[in-house]
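The values are calculated or read from the model by the stated rules, or taken from the named source; none is laboratory data. On a predicted model such as this, the values are computed, not experimentally measured, just so you know. Backbone-built Cβ (ideal geometry, glycine too); neighbour counts: all protein chains shown. Side chains are part of the model used for accessible areas, which takes the heavy atoms of the whole protein and leaves out ligands, DNA and RNA. Shrake-Rupley method; radii C 1.70, N 1.55, O 1.52, S 1.80 Å.
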Amino acid sequence: MLSVPTELRAQQLQASLSHYSTEDGMPSNTVAALRTDDYGFLWLATWNGISRFDGYHFYNYKTGVASGVRGLHNRVDNMVIDLSQNIWLKMYDGRVFVINRKTDRIEDPLEGISDHDDFHVDYFFQPYVTSTGDVLISYDDIGLYKLRLDRNSLKQDLITTGQLTVNGVVEGYRNDIWAATDKGVHRINMVNMSLERRGYFLNEHVTRLATNGYNIFAGTKSGKILQFSYGQDSTLIKDIGREITSLYVDKHGQIWFSDLGDGAYRLDPQTGDVKFYNQRVLAPEFTSRGAEFGEALGVLWIRMNHGGYGYYNRATDEVEYFHNDPSNPWNLSNTVNARLEMNDGVVWESTNRRGLEKLEVMKQTIARTLLVKNPTSSLDNEIRAMLHDKKRNHTLLANKHGQIFVFDGKMNHLSTITHDNNGHPIGRPYGMSQDSKGNYWVSDKDNGLFKITPNGNSYSVENIRHNDKDPYSLSDNAAYQCVEDRQGNIWVATYGGGVNVLRKDKNGRYIALHAKNVMKRYPHNRYHKVRTIAMDKEGKIWAGTTDGILTLQIRNNNIILQPLEMSDDMTKCLMSNDIVCLATDSHGTMWVGTNSGGLSRAVKKDSKGQWEFENFGIEQGLPSEEIYAVTFDNKGNVWFSTEHILCSFDPQKKILTTFSSLDGVDDTMCSEGAAITLSNGNVIFGTLEGYYFVDRNKLVTKKGSLLKLRITDFFLNGIIQTPRMPDQAFDYYVPESKSVKLPDANSTFAFRFAALNYQFQHRIHYQYMLEGYDDEWQNAGKDRMATYSNLSGGTYQFKVKAFLLESPENYDIRTIEVVVPYSFTSFIVYFILLLLVAGLVYWWYRRRHKSSDDEDESSPSELTETSDVLSENVELEVDDTPYADVTEVGVFESVRDDSNLK
């Protein structure tokens, strides 16, 4: 599921950092406010206009004189977003404007009202959006305006406030709207469009209001924190004695507030206890509206007054730094000008160092686990040899300290194997495999092979190793991996001793055949350092070495070995001969992981019998061309590891997903050849410090809508289209429309799109198609754009979908109709084609009619004669052709072959 746990412990709030500035497209490095709309776009209010960010591009709206909007200041001070997703901008001079999302234009919401250019909003007033979609804005000496912009019109209603000054607005129980004024709290009568005369705390100058959904809380200039519910008596909770500049009630019922001083306070309304919180701040902020509070990711976030930012740890009753402790010079500044915490795991902030910071909270979607919790050696948790026994549903993981841990299907530890039957310790296991009889074969770097035979809950362990006095022992004890062929032979990869094949002699003893005894044709100076070994679908053994691949098989009791022959086309050869791992998928296709050559798939043999490979490297999106281990899930996806990144790859769609620190994959180095798939489809990778457990159920989404796909931009002939810019082809905003009609048939147009779930953008894939033109879905490139040109006249449907590779069936999709007008040239072409078709039909009709007349006039004897003549002509033509000799050669070869058989 794509969700963050509702309650995260403080120590889990670690994040990765990305920084953006004007060099990345921001209109200004000074950000005053951050907001997100329901679509998922991030909006930035800056000192040089407003910007919309989709995680990739900043879409900037010019302000000031450059905007063409009369009276629009260049500096945006604050903003709110209404239920129709229009962006209401409070400018630095106190005027308010709005971005109409239907037209993408900046408009004056008071247009038509006399002298409205002189209406200004107080610096401390925050425009308020009600649950019904109205926007309430208090203008100095004018009153409270209720404004509403929908797709059809703009409604303007003035709520008279008399001599009262409205400082804030909040919505309470049953949609009642309450106004904080300089003379108490009054309910707004939406029928009479006025403030009710009766109210609460009429002798108090109320500065701030807050609500928990039922009770209304008020902070006053005199320092009182008060509470009331409609129809009930009011109560005094606490008299602080200092002006209240902010007020918030969290989901635990704690009241948070600030005064004119530094920091922030917490008030327990049950006990009346107050606690002060602050942080060390190197560059205090002198101008402030008070502290800001908000809840996300299961914790309370606090931007303190005059500097200081972090989250509240309820366990320690402290406000923790969030990558901004001043004692660490590499950390961010904790003087935060603007902040936004999102439940999908991303925190946005802009500090006094300017620019925009994106902090993505790291989640342990993929967990790394230690085999030994309290290690005494680095080898205790270095894992390379791994095996999953599907029949017993047991998983075996071996560390390089000579311990083989056996787990059940739920990864509960069952037992540990450390010695053979003679008490000799297992050395450094490098690989594990299972034969057709259920035996486990452990390849050991120091001690050759260990054959482990399960006997109920116990194991019999036999060691097979090199013996200088026995020429038919293993050629070398540095065994890396082994595999069983279809005849029951065990092929062993040794590093330095080449390939061995184990067979039993007449006494039932294992003997090893290799280059030092029967394999006389084994190359003397190549293919001796063998890391990996596997069997292809033809039953041949592939040995991956530092010199390339050597193939071997036993046929008619002879060992046949030869270097793998590859295509003469260099682009279809392996990109490196340094082979690290080999693995065969469920279709029998061989996959090759190389050092510096990326990942390769054996496709087919060409006409010469040479192998052709399909290669995947940096150009195809791989994070590295050093491939360490390969395995396959039950959906046919290829999983592989690089130095410290895990990847999954759909070979049909050619789509790659990488997993890194955001998913729990840290900088720990992965081990060579250490990847297995369990019966339930989960994947395990070995590392130098434990193992990664990939629970694939945690990588899927049950709802594609969680990905928040949007069409973000529309281009016509290379120019982005928006009605607010001059000389545009459309008077409406295409990305927000259901249809677009091109101005002419020769237009080149493009859609750009993005999924706005920011923490998962690195894992989201896109496909698109234009129905009526594309026959199948197209993979989008890194630019996430679909471009078309010179289409025939007609109506098409453009579709784009976003999905995760692990759950492609659960996608988010967007559709827009594209109407291409018919051109005059098209009409001419169609007319000519119509004439040609009509001419062909007429010609066919006349020919058929003439043929019928000729048949009626012919006699049977003439038909027979004509047939004989035609036969003679054909024979003469064949004798006269230059291919006649070829036919004779073919016949000659057949006769010659028959004689040889005799």
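Tabulated values for the structure
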{"quantity": "Condition check for ALA755: in contact (Cβ under 8 Å) with a residue 24 or more places away in the chain, surrounded by 15 or more Cβ atoms within 10 Å (Cβ to Cβ), within 30 Å of LYS363 (Cβ to Cβ) and not acidic (Asp, Glu)", "calculated": "yes"}
{"quantity": "Complete set of residues in region 19-43 that are in contact (Cβ under 8 Å) with a residue 40 or more places away in the chain and either touching a Pro at 6+ places or on another chain (Cβ under 8 Å) or loosely packed, with under 14 Cβ neighbours inside 10 Å (or both)", "calculated": "HIS19, SER21, ASP38"}
{"quantity": "Residue within region 320-330 that is modelled with pLDDT of 95 or more, within 23 Å of GLN254 (Cβ to Cβ) and either open to solvent by less than 30 Å² (accessible area, probe 1.4 Å) or part of a loop (DSSP other than H, G, I, E, B) (or both) present", "calculated": "no"}
{"quantity": "For TYR732: the one exception among (1) among the aromatic types (Phe, Trp, Tyr); (2) in a loop (DSSP other than H, G, I, E, B); (3) buried (at least 18 other Cβ atoms within 10 Å of the Cβ)", "calculated": "(3)"}
{"quantity": "Condition check for THR207: under 50 Å from the mean Cα position of the chain (by Cα), without any contact (Cβ under 8 Å) to a residue 40 or more places away in the chain and under 22 Å from LEU236 (Cβ atoms)", "calculated": "no"}
{"quantity": "Neighbours by Cβ (under 6 Å, 6+ apart or cross-chain): first from region 336-349, open to solvent by 20 Å² or more (accessible area, probe 1.4 Å) and part of a strand (DSSP E or B); second of a type in the set (Ser, Thr, Tyr) and modelled with pLDDT of 95 or more", "calculated": "ASN337/SER350"}
{"quantity": "Qualifying positions in region 289-303 - out of contact with any strand residue (DSSP E or B) (no Cβ under 6 Å at 6 or more places or on another chain) and either without any contact (Cβ under 8 Å) to a residue 24 or more places away in the chain or among the aliphatic types (A, V, I, L, M) (or both)", "calculated": "LEU297"}
{"quantity": "Enumeration of residues in region 589-604 that are open to solvent by 70 Å² or more (accessible area, probe 1.4 Å), among the β-branched types (Val, Ile, Thr) and part of a loop (DSSP other than H, G, I, E, B)", "calculated": "none"}
{"quantity": "Yes/no for LEU195 being assigned to a strand (DSSP E or B), within 19 Å of PRO269 (Cα to Cα), of a type outside the set (Gly, Ala, Ser) and in contact with a Leu (Cβ under 7 Å, 6 or more places away or on another chain)", "calculated": "no"}
{"quantity": "Subset of region 644-654 (residues that are open to solvent by 10 Å² or more (accessible area, probe 1.4 Å) and either closer than 18 Å to LEU370 by Cβ or among the small types (Gly, Ala, Ser) (or both))", "calculated": "HIS644"}
{"quantity": "Residue within region 576-588 that is among the polar types (S, T, N, Q), surrounded by fewer than 18 Cβ atoms within 10 Å (Cβ to Cβ), without any contact (Cβ under 8 Å) to a residue 60 or more places away in the chain and not in a loop (DSSP other than H, G, I, E, B) present", "calculated": "no"}
{"quantity": "Hey, TYR173 over 27 Å from GLU107 (Cβ atoms), touching a residue at least 12 places away in the same chain (Cβ under 8 Å), of a type in the set (Ser, Thr, Tyr) and open to solvent by 10 Å² or more (accessible area, probe 1.4 Å) or not", "calculated": "yes"}
{"quantity": "Any hit, region 605-619, residues being outside any loop (DSSP other than H, G, I, E, B), of a type in the set (A, V, I, L, M) and open to solvent by 10 Å² or more (accessible area, probe 1.4 Å)", "calculated": "yes"}
{"quantity": "Pair list, Cβ < 8 Å and 6+ apart or interchain, from region 504-521 residues that are at negative phi to residues that are charged (D, E, K, R) and assigned to a loop (DSSP other than H, G, I, E, B)", "calculated": "ILE511/ASP505"}
{"quantity": "Selected residue (only one of LEU136, LEU154, LEU147, LEU72 is crowded, with 19+ Cβ neighbours inside 10 Å and at pLDDT below 95)", "calculated": "LEU72"}
{"quantity": "Where LYS537 falls short, out of the listed (1) farther than 24 Å from GLU565 by Cβ; (2) open to solvent by 40 Å² or more (accessible area, probe 1.4 Å)", "calculated": "(1)"}
{"quantity": "Answer residue from region 23-71, given it is hydroxyl-bearing (Ser, Thr, Tyr) and within 27 Å of ILE764 (Cβ to Cβ) and is nearest to the chain's Cα centre (by Cα) among those", "calculated": "TYR56"}
{"quantity": "Near pairs, Cβ below 9 angstrom, 6+ apart or cross-chain, from region 440-455 (in contact (Cβ under 8 Å) with a residue 60 or more places away in the chain) to any residue that is in a strand (DSSP E or B) and of a type outside the set (Lys, Arg)", "calculated": "PRO454/ASP389; PRO454/HIS394; PRO454/TYR440; PRO454/SER460"}
{"quantity": "Residue count for region 157-172, restricted to those that are in a strand (DSSP E or B) and either of a type in the set (Ser, Thr, Tyr) or in contact with a helix residue (DSSP H, G or I) (Cβ under 8 Å, 6 or more places away or on another chain) (or both)", "calculated": "1"}
{"quantity": "Test result for THR657, within 30 Å of TRP777 (Cα to Cα), in a loop (DSSP other than H, G, I, E, B) and open to solvent by less than 10 Å² (accessible area, probe 1.4 Å)", "calculated": "no"}
{"quantity": "Matching residues, region 81-92, being under 29 Å from the mean Cα position of the chain (by Cα) and at negative phi", "calculated": "ILE81, LEU83, SER84, ASN86, ILE87"}
{"quantity": "Filter result (buried (at least 19 other Cβ atoms within 10 Å of the Cβ), among the polar types (S, T, N, Q) and modelled with pLDDT of 95 or more) within region 49-69", "calculated": "SER51"}
{"quantity": "Selection count where residues are among the polar types (S, T, N, Q) and part of a strand (DSSP E or B), scope region 106-146", "calculated": "1"}
{"quantity": "Identity of the residue in region 694-729, open to solvent by 50 Å² or more (accessible area, probe 1.4 Å) and under 27 Å from the mean Cα position of the chain (by Cα), that ends up farthest from SER84 (Cα to Cα)", "calculated": "ASN697"}
{"quantity": "Strands (runs of 3 or more DSSP E) (entirely within region 395-485) containing at least 2 residues that are crowded, with 16+ Cβ neighbours inside 10 Å", "calculated": "404-407, 429-434, 440-444, 448-455, 458-464, 479-484"}
{"quantity": "Candidate set from region 108-123 (those that are under 47 Å from the mean Cα position of the chain (by Cα) and open to solvent by 80 Å² or more (accessible area, probe 1.4 Å)); member that is farthest from GLY71 (Cα to Cα)", "calculated": "TYR123"}
{"quantity": "Count - residues of region 248-301 that are charged (D, E, K, R) and more than 20 Å from GLY168 (Cα to Cα)", "calculated": "9"}
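Table: residues versus (1) hydroxyl-bearing (Ser, Thr, Tyr); (2) open to solvent by less than 10 Å² (accessible area, probe 1.4 Å).
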{"residue": "ILE216", "(1), (2)": "no, yes"}
{"residue": "THR220", "(1), (2)": "yes, yes"}
{"residue": "GLN232", "(1), (2)": "no, no"}
{"residue": "GLY241", "(1), (2)": "no, no"}
{"residue": "ASP273", "(1), (2)": "no, no"}
{"residue": "GLU285", "(1), (2)": "no, no"}
{"residue": "GLY307", "(1), (2)": "no, yes"}
